[in-house]
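The values are calculated or read from the model by the stated rules, or taken from the named source; none is laboratory data. What you see is a predicted model, and the numbers here were worked out from it, not measured in a lab. Backbone-built Cβ (ideal geometry, glycine too); neighbour counts: all protein chains shown. Remember, those area values only see protein heavy atoms, side chains included, never the ligands or the DNA or RNA. Shrake-Rupley method; radii C 1.70, N 1.55, O 1.52, S 1.80 Å.
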Amino acid sequence: DVYKRQYHINGLNKKDIYASMKQSTGLINCSINEGMSSAILEAMALRCPVYAFRNPGNMALVRDNFNGYLFSSKSDFSFIIKLPTKHIIKNAFDYVSVNHSPRNERNAYLGILS
């Protein structure tokens, strides 16, 4: 059962967090009210599958069954965690590369400051 293999990691530096993400089954964002956009984008850039609770913040980044999987309940999650991830990993990496590249993000911030 997937729920028996949960781990919580505290206090890792960025390098170790990225290494953990690369070796994990996926990033799970189970927040009911808020998205964690930077964590989701980082997971996508690291080719780590994203499983996110269906809320407006997560839905702004994750297109269900395209660049990640969205769930609304424990039974939804139990189903999607078993789905193939190859296509969502590729699509997520492409999405981040095109829409959230460091160059694009820098230009967006500079545009706000100008």
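With respect to Ser20, is the statement that it is of a type in the set (Gly, Ala, Ser), loosely packed, with under 11 Cβ neighbours inside 10 Å, out of contact with any strand residue (DSSP E or B) (no Cβ under 6 Å at 6 or more places or on another chain) and not in a loop (DSSP other than H, G, I, E, B) true? First the steps, then the outcome.
On the way: of a type in the set (Gly, Ala, Ser): yes; loosely packed, with under 11 Cβ neighbours inside 10 Å: no; out of contact with any strand residue (DSSP E or B) (no Cβ under 6 Å at 6 or more places or on another chain): yes; not in a loop (DSSP other than H, G, I, E, B): yes.
When the stated conditions are applied, Ser20 does not pass them.
Being of a type in the set (A, V, I, L, M), open to solvent by 70 Å² or more (accessible area, probe 1.4 Å) and within 15 Å of Val50 (Cα to Cα) is the filter here, so list the residues in the stretch 23-33 that pass it. Break it down stepwise before answering.
Quick first cut of the stretch 23-33, residues of a type in the set (A, V, I, L, M) only: 27-28, 32.
Now drop any that are not open to solvent by 70 Å² or more (accessible area, probe 1.4 Å), which leaves 28, 32.
Answer for the stretch 23-33, where residues must be of a type in the set (A, V, I, L, M), open to solvent by 70 Å² or more (accessible area, probe 1.4 Å) and within 15 Å of Val50 (Cα to Cα): just Ile28.
Among the residues in the stretch 87-99, are any in a loop (DSSP other than H, G, I, E, B) and open to solvent by 50 Å² or more (accessible area, probe 1.4 Å)? Write out each step before concluding.
Quick first cut of the stretch 87-99, residues in a loop (DSSP other than H, G, I, E, B) only: none.
No, the stretch 87-99 has no match at all.
With Ala92, Ala108 as the choices, which residue is touching a helix residue (DSSP H, G or I) at 6+ places or on another chain (Cβ under 6 Å), without any contact (Cβ under 8 Å) to a residue 60 or more places away in the chain and small (Gly, Ala, Ser)? Can you show your working first?
Details: Ala108 fails: touching a helix residue (DSSP H, G or I) at 6+ places or on another chain (Cβ under 6 Å).
Criteria check complete, one pass: Ala92.
Tell me whether the stretch 64-82 contains one or more residues that are open to solvent by 40 Å² or more (accessible area, probe 1.4 Å), touching a strand residue (DSSP E or B) at 6+ places or on another chain (Cβ under 7 Å) and either at pLDDT below 95 or farther than 20 Å from Ile32 by Cα (or both).
Scanning the stretch 64-82 turns up no residue that is open to solvent by 40 Å² or more (accessible area, probe 1.4 Å), touching a strand residue (DSSP E or B) at 6+ places or on another chain (Cβ under 7 Å) and either at pLDDT below 95 or farther than 20 Å from Ile32 by Cα (or both).
Tally up the residues in the stretch 34-45 that are aliphatic (A, V, I, L, M) and crowded, with 19+ Cβ neighbours inside 10 Å, please.
First, the residues of the stretch 34-45 that are aliphatic (A, V, I, L, M): 36, 39-41, 43-45.
Among the residues that remain, those that are also crowded, with 19+ Cβ neighbours inside 10 Å are: 40, 43-44.
Count: 3.
Does the stretch 100-114 hold any residues that are open to solvent by 60 Å² or more (accessible area, probe 1.4 Å) and either closer than 15 Å to Arg47 by Cβ or not in a helix (DSSP H, G or I) (or both), and which are they?
Within the stretch 100-114, just Ser114 meets the criteria.
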